[in-house]
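A short worksheet on the structure shown next.
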Amino acid sequence: MRRLVFQAYCFVVGVVMGKIHPLTPDRVPLLYSLFVILLVGSLLGFVRARRSSFPVAVAVALFGMSCFFLGWGRYSASFLLNDPGHISNFTSASLKDRASVEGVIVTDPEVFAERVTFTLSPIRARRAGRDDEYQDISGGRVEVTVRRAAKEWYQELGRSDAYGWRIRINAPILSPPGPANPRGFSYREFLNDQDIYGVQTIAVAWGSPPPIEILDRGEGFFLTEWALSIKEKILAVYVRTIPYPQSTFLAGVTLGVRSTLENTQCIVPGHGALILDECRVAGVTHVLAVSGQHVTILSGVLLAILSSFRIPLRVQAPIIILVLLLFLIITGMPPSAMRATLMNSLTIFFLAMSRGTFQSSLMFGIAEAAVVVLFINPKNIVQPAFTLSFAAVLSLGLISWPLEKILCRLKGALFAYSAGCVALATLICTKPFYDAIDRAGLLGPIGLLAVGGAFWVRNRFPSDTVWPDLAYEKMPIFLRIFIVAQGAILIGMMFPLSSFYFGRMSLAGPYANLIAIPLTGVVVPLGLLAGLVGMIPGVGTFLALILNATNDCLVKLFFLITHASTVLFPFPFIENLTVNRLFLGDQDHLLERIAPAVREVIRGLRHHMDEEEAGLFPVLERTLAEQDAARATPASAPCHVDETMTVNRVVQEFPRTKPVFDQLFVSVPMEGCACLDEVAWRHGMEAQELLKQLEGVIASCGCAT
Amino acid sequence: MSARIVIAFVVLALGVGIAVVLLDPSYRPAKIAETNRGVFVNIPLDGPAEPAESAEAQSQP
């Protein structure tokens, strides 16, 4: 098993090498040849080692080298864009370059309030004015966005049914935008890592030719079709059994539907913050994505339940793997869940079938899952989702046990001192105290002082003399496991990678997760059970209602904890933890250095805006004058509201219309900025119908005057 | 974890759920579906919605 883990890491190192130094396409066959030669050599070495005294280490080294070259070649080959049939050769930077792309929808369309997004696998394409005939596409994908303004298409394609359809998009294929700032986030790279090289946006429903043509309403991969239909059925159960906004959270944690959470507001009255933002500040966003954590929680719950009935591990393993596969199907098989299911299934399988420890099985599972994922798409190596999930599990495997050993040494006065330090650190991290610290560089020396104090306490007060009954080992086992797991993830994943990828670090995370993770451990299995039970005709809805009533309380508790975390703890910007920032960091000097440059940029922008305004204002004034002239002509019937007015404007001008919105469950604070036609559409009615109701109220109350 | 804890947990979850459903009259499928109207765009709201108060009735002083 160790040899296989070694070869897996050699492959990963090879992929990393490809990232650092990708070879040109003509060198890739050379790497593959080296892989084959070394693989044959290593196999011969293993055979000879069995028969004679040939050192096994040499054969293992050859095997590792062969995997290294395979990884390097695989990554380099993923950039073979010189093929004339690759979709990247059809992209353009101008909206004037129209094109037609025929392809198959290969992802479940993601529905947002303003757009539907899906991935198209192109079959053939044609550039208007450049190609006479359609050309076959050999590689690359296109991301298609259908705006809400293209009403018919937004509704038609905003369903899971659209998966597998063959369609034609008549719109420019634009190259995805690069980073807005140097070294900033690049949407182009982000999409390229998913094999997407072009973007097409549909903003209107009309045109000649029409922007979208449905060629075949066929079906995609049968398993995915089945998975998506189950997902929709479970969502339909949630809609009837758990109220808004708890329903959006449940759909997010169990099925990975995050689009509905985008505009959901905090449940605490008087706070306009969005739940997603609060989750970010509280460091609990990870529970909203169906990822390793959910799969691990599900595996853990199943393991605990089956073990409680004294079922042997060899019998448990296939049952748990089967349930994980079902979970994967129910969640619509997103890549993160596939990765996590693979990792967990391998770990449980080898734990049951081999004589190794849990740690060795875990390390093997991680390594082999990484090989499979990277072999399919080597560009995953730089994706945050991949590195964060593998770093989390690696931290659990590598750091948790040493950390447990260190913590077990905390006894007597040393334990009391450590608990006091943790309490003090918590106090420092809360808003009033943290804001009072003007030099972040002080935190490093304070930490060193605390560690030095621990050594002094240990030597001054031996564990058996002062408070001998106080010890970490005497804490409840579930609390110890949780503390160790949290500590390992914080040290191995959160502190280094969260600051690296997101530039911010949640100080509330360790505390909020203390409650949020166990809560998710209950909410996810209960929610899935409710979703499945709810599909039973007749009594199913009632049972799901009972289960989701419990979930409703738990989700509200989750929201309240998240909100309390945002009130208590700050959410500081932290670029990367470096020695300089920990011990010497003084950001004021940096600000002083960049201030002149920023002033210059602002001055330039103001000048630019003045120029723009000088050109634009005459045009606007002319247009307004024309509109005033048009208004001066007598109208046939007085209209006080029209569909382009926002809800806020209508409520401000005609306060008596508020009951109409309340009756339609329109949340004025949330949907106030939306136009009336959009609000009407969202709430399943015609815009004219809404306008008629509003006009009726305005006329009856006489507030038009 | 013993089998008793698992059973106790399931009973507790069901107990809380039943209590909420019995004590909260707004916890009914039709009313819940109304709160979710327009949230899940592509999921149809099943079952007839309960009639809400009319705008005229609400606008009465």
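The values are calculated or read from the model by the stated rules, or taken from the named source; none is laboratory data. Being a predicted model, the structure only gives us computed values, none of them experimental. Here the Cβ positions follow ideal geometry from the backbone for every residue, glycine too, while neighbour counts run over all protein chains shown. Heads up: the accessible areas ignore ligands, DNA and RNA and are worked out on the full protein's heavy atoms, side chains in. Shrake-Rupley method; radii C 1.70, N 1.55, O 1.52, S 1.80 Å.
Points worth noting:
- Listed residues A:Tyr501, B:Tyr27 arranged by accessible area, highest first, probe 1.4 Å: A:Tyr501, B:Tyr27
- Counting only other chain Cβ atoms within 10 Å of each residue's Cβ, the peptide A:231-239 averages 4.
- Rounded percent of accessible protein surface that carbon and sulfur make up, the protein assembly as shown, 1.4 Å probe: 65
- Accessible surface of B:Val11 - all protein chains present, 1.4 Å probe, nearest 10 Å²: 90
- Residue-averaged beta-carbon neighbours from other chains (10 angstrom radius) around A:659-665: 5
- Gyration tensor (Cα) of region A:7-149, equivalent ellipsoid semi-axes in angstrom: 45, 18, 12
- Accessible surface, region A:279-355, averaged per residue in Å² (probe 1.4 Å): 41
- Set of aspartates and glutamates near A:Lys474 by C-alpha distance (under 19 Å), chain-local residues within fewer than 8 positions excluded: A:Glu404, A:Asp464
- With a 1.4 angstrom probe, the accessible area lost at the B-A interface totals about 3300 Å².
- Order of exposure, largest accessible area first, which applies to A:Val144, A:Val199 with probe 1.4 Å: A:Val199, A:Val144
- Remark: the protein assembly as shown carries a charge dipole of roughly 3640 debye about the Cα centre, counting +1 on each Lys and Arg Cβ and -1 on each Asp and Glu Cβ.
- Computed P(r) (all Cα pairs; chain A; 10 Å bins; percent): 2, 10, 18, 23, 22, 14, 7, 3, 1, 0, 0
- Peptides A:307-320, A:612-625, A:285-298 ranked from most to least packed give A:285-298, A:307-320, A:612-625, packing being the mean of other C-beta atoms within 10 angstrom over each peptide's residues.
- Rg over Rh for region A:235-353 works out to 1.06, both radii taken from alpha-carbon positions and Rh defined as the Kirkwood radius.
- Shown are A:Glu686, A:Glu156, whose ranking by accessible area with a 1.4 Å probe and every protein chain present, most to least, is A:Glu686, A:Glu156.
- For the segment B:26-36, counting C-beta atoms of other chains within 10 Å of every residue's C-beta and taking the mean gives 6.
- The mean sequence separation of alpha-carbon pairs under 8 Å and at least six residues apart, normalised by the residue count of region A:340-441, gives a relative contact order of 17 percent.
- Over 28 Å (Cα to Cα) - which of A:Lys431/A:Lys556; A:Lys231/A:Lys692; A:Lys151/A:Lys233; A:Lys692/B:Lys31 fall in this group: A:Lys231/A:Lys692
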